[in-house]
Amino acid sequence: MVSNSHYEDHAQAFFSETVGVDLAPLYARFLAHLPASAHILDAGCGSGRDARAFLARGYAVTAFDASPTLAALAAAHCGLPVQVKHFQDIDWHGEFDGIWACASLLHVPLLDLPVVLERLAVALKPNGTLYASFKYGQGEREHGGRRFTDLNETGLAALLAASPAFSERDTWTTADRRPGRGDERWLNTLLLCRKD
């Protein structure tokens, strides 16, 4: 299970450094695959920035985060209750048109990702869309008190081979949008839930 102690210990700093980041280009690519009345799960919502943005665009939003302190900050920011849970504990069934997992699945160990993706597939409606982003690279590492699973195109292909509920809709790389982090690269992917 992913430890949330780093985010508990640094919740306010993390909130402050991420809440103002403009991800509008990523939202546009994700929302293009959803109906106008979509219900979105913000999975690992962090500061609540994205949940708030989706609410402002007229979508129904459910959000969770593993850190109780960060979940409280996010709830105050976006005006929604934010549940406290890990990816491995989600238990929704066919509730969401889209799942937004921005810089959150990267904290799940590589061996656990296929099981977590299966849980996300169960939570989605048929033909729902999952957005996920990972630091661009390969393998698992620890950095700054956090563990990361990095993915490139090859790693994503291997993950999808072990996760038959999803097929790849679109994958692209971007620079980090936080100030001073533009040399860091991200792998972004949109996945189609293929369950009946």
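The values are calculated or read from the model by the stated rules, or taken from the named source; none is laboratory data. For clarity, every value in this text was computed on a predicted model and none was experimentally measured. No Cβ is skipped: glycine too gets one built from the backbone with ideal geometry, and neighbour counts run over all protein chains shown. Surface accessibility is based on the protein's heavy atoms, side chains included, excluding ligands, DNA and RNA. Shrake-Rupley method; radii C 1.70, N 1.55, O 1.52, S 1.80 Å.
Beta bridges from DSSP with both residues in the chain: antiparallel share about 55 percent, rounded to the nearest 5.
Once the Cβ-Cβ distance of Asn127 and Glu184 is raised to the sixth power relative to R0 = 41 Å, the FRET efficiency obtained is 0.80.
For region 37-196, the carbon plus sulfur part of the accessible surface works out to 51%, probe radius 1.4 Å.
Here Leu111 and Ala175 are evaluated by their C-beta separation; at R0 = 22 Å the FRET efficiency comes out at 0.15.
For the residues Gly128, Gly98, Gly145, a GNM of the chain with alpha-carbon springs under 10 Å puts the largest fluctuation on Gly145. Helices in the chain, meaning DSSP H runs of at least 4 residues, each add -39500 (n - 2.57). Divided by all residues, the mean residue ellipticity at 222 nm is -8500 deg cm²/dmol. Based on the Cβ-Cβ distance of Ala161 and Ala28, what FRET efficiency does E = 1/(1 + (r/R0)^6) give at R0 = 25 Å, to the nearest 0.05? Step by step, r from the Cβ atoms, then E = 0.30. The residues of region 28-150 expose on average 39 square angstrom of accessible surface per residue, using a 1.4 Å probe on protein heavy atoms. Need one word for region 110-196: rounded, prolate or oblate. Basis is the Cα gyration tensor (sqrt eigenvalues a ≥ b ≥ c); a/c below 1.5 gives rounded, then a/b vs b/c decides. Prolate.
With Rh defined as the Kirkwood radius, the inverse of the mean 1/r over Cα pairs, the Rg/Rh of the chain is 0.92.
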